[in-house]
Amino acid sequence: MNGTVFDVQRFSVHDGPGIRTVVFLKGCPLNCFWCHNPESKCRVPDIGYVPGLCLGCGSCAAVCEAGCHRLEGDRHVFARMGCRRCGACAEACPTDALETIGRETDVESLIAEAVRDRPFYEATGGGLTLSGGEPLAQPAFAAALLSAAKQAGLSACLETCGFADWTDLRSVAALADMVLYDIKESDTDRHRAGTGVPLEPIVANLLRLSETGIRLELRCPIIPGWNDRDGHWQGLAGLAARLRGLEGIRLMPYHPMGASKAERIGLDSANMPKDFPEPDTVATWVRTLQALTDVPVGSG
Ligand code: SF4
Ligand code: SF4
Ligand code: SF4
């Protein structure tokens with residue numbers, strides 16, 4: 001079983017219990033304006049370009065059959081229109097100014113990579129986490145990965161935005177020990193405006209998932225000036241009160257690294273916030289939400 005991933009991170013301590021290996025799958029049905037992993041949105045590989053690393057050698061123009069690269073004097077111009085994402089230019093680039101982001105790989109290779117850190121998982125209660133993008137954009141691959149992780153004796157977590165077919169979510173989540181479930185906004189209109197999709201099916205899926213009794217953590221990206229407001233804290237607390245198996249709420253403070261990643265793959269980053277929230281601000285968010293719920297609230 002093959003699928004497309006854009007990263008594998010070892011020794012993560014923020015993506016489920018203990019030390020974990022996180023496999024990031026490509027593809028996402030949302031279009032959050034602050035997206036911290038814009039290279040995950042597209043299901044197929046992206047071509048990254050960092051102009052500051054370019055020597056103007058012309059190797060990319062020589063191999064690109066779509067004519068996307070040209071030299072104007074000693075200046076290299078990359079016009080993405082018509083790009084077939086074949087990766088030939090990235091292979092030819094001597095400086096890594098061009099890079100293919102995302103690769104097709106198979107379940108066996110990923111599990112072989114993950115089991116190398118088994119001693120760390122056993123010492124900390126960690127394991128494998130599927131993230132993205134949205135793992136359920138590749139439901140068969142996600143299911144095969146979680147199933148293979150279980151067969152290898154690894155704890156497995158699924159992180160999901162919840163905007164998925166219920167049948168896929170139910171069957172893939174059933175293979176996980178815990179689900180990290182993203183809730184980005186409590187207000188319907190604001191949710192659609194900020195992410196491009198409605199909130200209702202996400203909440204409906206969460207409530208159905210909760211009825212299965214699976215361990216849950218809510219993951220809530222907090223974007224200063226957008227959802228750090230009383231109505232959202234109250235919405236999160238009200239939702240938490242309706243969930244079985246909820247072990248905690250993790251606030252995920254916005255970080256602006258997504259902007260440079262977006263520019264690298266040719267996306268517009270103009271609407272993305274530019275600043276980190278201050279630690280005191282994050283602490284205030286946690287205190288404010290904690291005062292509204294009995295569920296443990298953390299951040300990071
Ligand atoms: S759900 Fe996550 S990966 Fe998808 S667009 Fe939103 S922030 Fe990006
Ligand atoms: S990925 Fe292929 S089609 Fe796209 S710019 Fe590079 S060589 Fe050309
Ligand atoms: S191959 Fe790389 S270094 Fe050479 S012109 Fe193209 S982007 Fe620049």
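The values are calculated or read from the model by the stated rules, or taken from the named source; none is laboratory data. Note that the coordinates shown come from a computational prediction; the quantities given were computed from them, not determined experimentally. Ideal geometry is used to build each Cβ from the backbone, glycine not excepted, and the neighbour counts take in all protein chains shown.
Just one of (1) of a type in the set (A, V, I, L, M, F, W, C); (2) at pLDDT 95 or above; (3) within 16 Å of ligand 1 (Cβ to nearest atom) fails for Val44. It is (2). Listed by first and then second residue, the pairs linking a residue in the stretch 164-183 that is in the same structural domain as Leu216 (by TED's automatic domain parsing) and touching a residue at least 60 places away in the same chain (Cβ under 8 Å) to a residue that is surrounded by fewer than 22 Cβ atoms within 10 Å (Cβ to Cβ) and of a type in the set (Val, Ile, Thr), with Cβ atoms under 8 Å apart and 6 or more places separating them unless they lie on different chains, are Met178/Ile214. Given the criterion in contact with a strand residue (DSSP E or B) (Cβ under 9 Å, 6 or more places away or on another chain), assigned to a helix (DSSP H, G or I) and surrounded by 15 or more Cβ atoms within 10 Å (Cβ to Cβ), identify the matching residue among Leu209, Leu218. Criteria check complete, one pass: Leu209.
Within the stretch 81-97, the set of residues being touching a residue at least 24 places away in the same chain (Cβ under 8 Å) and either within 7 Å of ligand 2 (Cβ to nearest atom) or among the hydroxyl-bearing types (Ser, Thr, Tyr) (or both) comprises Cys83, Arg85, Gly87, Ala88, Cys89, Ala90, Thr95. The C-beta contact set for the stretch 125-146 (first residue in contact (Cβ under 8 Å) with a residue 60 or more places away in the chain and of a type outside the set (A, V, I, L, M, F, W, C), second residue surrounded by fewer than 24 Cβ atoms within 10 Å (Cβ to Cβ) and assigned to a helix (DSSP H, G or I), distance under 7 angstrom, 6+ apart or interchain) comprises Gly126/Phe120; Gly127/Tyr121. Considering only the stretch 129-136, I want to know if a residue exists there that is at pLDDT 95 or above and exposed (fewer than 15 other Cβ atoms within 10 Å of the Cβ). Scanning the stretch 129-136, I find no residue that is at pLDDT 95 or above and exposed (fewer than 15 other Cβ atoms within 10 Å of the Cβ), so the answer is no. In the stretch 162-194, the residue that is farthest from ligand 3 (Cβ to nearest atom) out of those that are assigned to a loop (DSSP other than H, G, I, E, B) and hydrophobic (A, V, I, L, M, F, W, C) is Ala174.
If you check Cys86, Cys64 for being crowded, with 18+ Cβ neighbours inside 10 Å, more than 16 Å from ligand 1 (Cβ to nearest atom) and outside the structural domain of Gln151 (by TED's automatic domain parsing), only one passes: Cys64. Can you confirm whether the stretch 75-83 contains a residue that is closer than 30 Å to Pro221 by Cα and surrounded by fewer than 19 Cβ atoms within 10 Å (Cβ to Cβ)? No; the residues of the stretch 75-83 include none that is closer than 30 Å to Pro221 by Cα and surrounded by fewer than 19 Cβ atoms within 10 Å (Cβ to Cβ).
Just a yes or no: is a residue in the stretch 107-115 under 18 Å from the mean Cα position of the chain (by Cα), away from ligand 1 (no atom under 16 Å from the Cβ) and either buried (at least 18 other Cβ atoms within 10 Å of the Cβ) or within 17 Å of Met1 (Cβ to Cβ) (or both)? Within the stretch 107-115 (the criterion being under 18 Å from the mean Cα position of the chain (by Cα), away from ligand 1 (no atom under 16 Å from the Cβ) and either buried (at least 18 other Cβ atoms within 10 Å of the Cβ) or within 17 Å of Met1 (Cβ to Cβ) (or both)), the answer is yes, since at least one residue qualifies.
Checking Arg70, Arg84 one by one, the residue that is among the charged types (D, E, K, R), over 30 Å from His14 (Cα atoms) and either within 16 Å of ligand 3 (Cβ to nearest atom) or part of a strand (DSSP E or B) (or both) is Arg70 and no other. Highlighted here are the strands (runs of 3 or more DSSP E) found entirely within the stretch 1-54 that include at least 1 residues which are within 16 Å of ligand 2 (Cβ to nearest atom) and either closer than 26 Å to Ser147 by Cα or not aromatic (Phe, Trp, Tyr) (or both): 2-12, 46-49. Considering each residue of the stretch 269-281 in turn, none proves to be out of contact with any Phe, Trp or Tyr (no Cβ under 6 Å at 6 or more places or on another chain), buried (at least 18 other Cβ atoms within 10 Å of the Cβ) and among the aromatic types (Phe, Trp, Tyr). Only one of the numbered conditions (1) at pLDDT below 95; (2) in contact with a Pro (Cβ under 8 Å, 6 or more places away or on another chain) is not met by Lys26, and that is (1).
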